[in-house]
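A short write-up of the structure that comes next.
Just so it is clear, none of the values below were taken in a lab; they were calculated from the coordinates. Remember, predicted model here, so these are calculated numbers, not experimental data. Because the Cβ atoms are built from the backbone with ideal geometry, glycine has one as well, and the counts that use them run over all protein chains shown.
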Amino acid sequence: MAPQRAVQLSLKKPTYAVCVVGVETYVDVHSDVPKGAETFGVSGSPGVEVFVIYDPARVTVPTGKTRWPLDANVDVTVSVDAASKDLHDLKVKVSYFGRQEAGALGHSVLYLTAVDVSLDVDTGRTGKVKRNHDDKKTWRWGPEGYGAVLLVNCDRDSVVSAGPDLTNSQLATLDDLQDMSPMVLSCDGPDSLFDTHKLVLDVPFSDSRRVGVFCARGGTSLEDYKQVLGPQRLSYEVERQPGERKISFFVEGLAFPDVDFLGLVSLSVSLVDTGTLPEVPLFTDTVAFRVAPWIMTPNTQLPLELYACSVVDSHGSNKKFLEDMSDLALKANCKLIICPQIENRNDRWIQDEMEFGYTEAPHKAFPVVFDSPRNRGLKHFPYKRVLAQQVQAPVELYSDWLSVGHVDEFLSFVPTSDQKGFRLLLASPIACLKLFQQKKEEGYGEAAQFDGLRHRVNRSINEMLADSRLRRDSLYTQKCIDWNREVLKRELGLTERDIVDIPQLFFLKGSHAEAFFPDMVNMVVLGKHLGIPKPFGPIVDGRCCLEEKVRSLLEPLGLRCTFIDDYLSYHELLGEIHCGTNVRRQPFSFKWWNMVP
């Protein structure tokens, strides 16, 4: 370890200095030397370890290592491994000798007071703080990496809080400490030393708006915990009590990583000599944190809670839809949570309002919801039930060709149990036209789309295939989907074997496309159970040929298809099941800090 500072010796009077446990102090044996001196010897009292630093290529080691040449290539450092009990209770003596074997030409004496100062966090990512003398200023990824993790304190542990916990400079409940990362300051040494020295905790200005620090003084009262660092306070003079050897702190994140913030923040403690003007920092210890990112859970993760809205408006009630969702949730072994009308204000599009995810540190994880800037009827729901943040930039897809313009109108992901672990589902007009052509050739040309829907005119397979406008519109939308297909293959490393084409037709209204029948890729995925919009396709041998085609594509993958009627309550309003539901899912078992970017 590199020396932290130099101490100059004097032949005329003793020198007094403070050293930090585990940190080498450079002792200048060259600054005040007796005339005629050519060698020196150095010794330390018990508790002091003396090191003579030299270049073996230039310096010959003396016999017995007792008298070293006063050479520019020879230096001395000392270190201690425990704090002093009293002031100046450790001693280093340097004796100078001439060419002859006579006695010493002079002596210098250094009295040391050892203080134990160390700022420690959970660098080992075990959930507990351990003393660490290694490099705490850096943060390393991977299973062999190190460095502490910080959670953004974006939940609300107290019902009386007006906003997220991170907006409060005073604890509202002791439960909030569980969302923070522990930090321990070791500060052992003679009490009288701190009459002329102080400990100062600092946060860089660039990090101050992204991290908050609370000092803990034990006890169960909220007043025992006060914020000492944050956006309005860059430094804190530690209030050490007599005999106090350890002081606990709790650290919270205030901002998620984003395009302007890589996620790294640091905190430092300095031992400052107040007996000089200006005051001199004798030692600084720095720790680094990485703020945990927001992680969005994909369809491949198992569901925990399924969300949907209860609505009654001019389009009717979605009561039957909610009953079907309840049955599906029961099959998938997850809980259905219905957002009541008084909270959703007849806004049924809960998928558009928020996105579920989570944040995680070694000591805790909790769900975090991304709240969209949509701010319609559901705008207050994320704040009442869960809280929000920013996310990284997504893969950019082309969806302007759609009336609503959401990517879930032409794609979805489903989990599989094979090595790949998932499939990409893409809406495919070509696949639908091929299926209808096949059924026509099999003699089912008069089988009708929308059969069973009283409020929609039936369209036979023969009529749909003969409709040049429907074919032209569908082929146009196929080109738009194919453009996205190539982007997804390139960005996600997919092959054609990873993609499943789901039959679907579109028609153009003006210059934008809408689904001709309920859009089957706009499904809700609950583990192996899929809630798919019922397409009301042509009936062949007593069964919907579109449903049968989708079953043949997905059920061999271990998936279970449930087709749900959402025609009046969602499809006619330009949305489907996925648009009208949301799912909170299990976090990944893999810890994000173990990845290697």
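Just report the Cα centroid separation between the stretch 291-355 and the stretch 182-216, whole Å. Computed from Cα coordinates, the inter-centre distance equals 47 Å.
For the Cα atoms of the chain, what angle does the longest principal axis make with the long axis of helix 545-554, in degrees from 0 to 90, nearest 10? On a 0 to 90 degree scale, this one is about 30. Our summary gives the stretch 121-292 a relative contact order of 28 percent, counting only alpha carbon pairs under 8 angstrom and 6 or more residues apart.
At 1.002 mPa s and 20 °C, plugging the Kirkwood radius over alpha-carbon pairs of the stretch 160-263 into Stokes-Einstein gives what diffusion coefficient in µm²/s? For the chosen part, D equals 143 µm²/s.
Checking the Cα-Cα distances for 130/591; 331/439; 320/420; 65/198; 130/198 against a 30 Å cut-off, the pairs over it are 331/439; 320/420; 65/198. Counting only residues at least eight positions apart within a chain, or on another chain, the aspartates and glutamates with an alpha carbon under 16 Å from that of residue 528 are 305, 327, 418, 555.
How large is the helix-only mean residue ellipticity at 222 nm for the chain, computed as the sum of -39500 (n - 2.57) over DSSP H runs with n ≥ 4, divided by its residue count, in deg cm²/dmol to the nearest 500?
Numbers: 8 runs with 81 residues, N = 597.
About -4000 deg cm²/dmol.
Size estimate for the stretch 127-208 follows the Kirkwood approach: the inverse of mean 1/r over distinct Cα pairs works out to 16.3 Å. Kirkwood radius and radius of gyration were both taken over the C-alpha atoms of the stretch 514-597, and their ratio Rg/Rh is 1.11. Contact order, relative form, for the chain: 11 percent (alpha carbon pairs under 8 Å, 6 or more residues apart, mean separation divided by residue count).
For the chain, the mean projected area of the C-alpha convex hull, equal to one quarter of the hull surface, is 36.6 nm². Rounded to the nearest 20, the size of the Cβ-charge dipole of the chain about its Cα centre is 480 debye, with Lys and Arg at +1 and Asp and Glu at -1.
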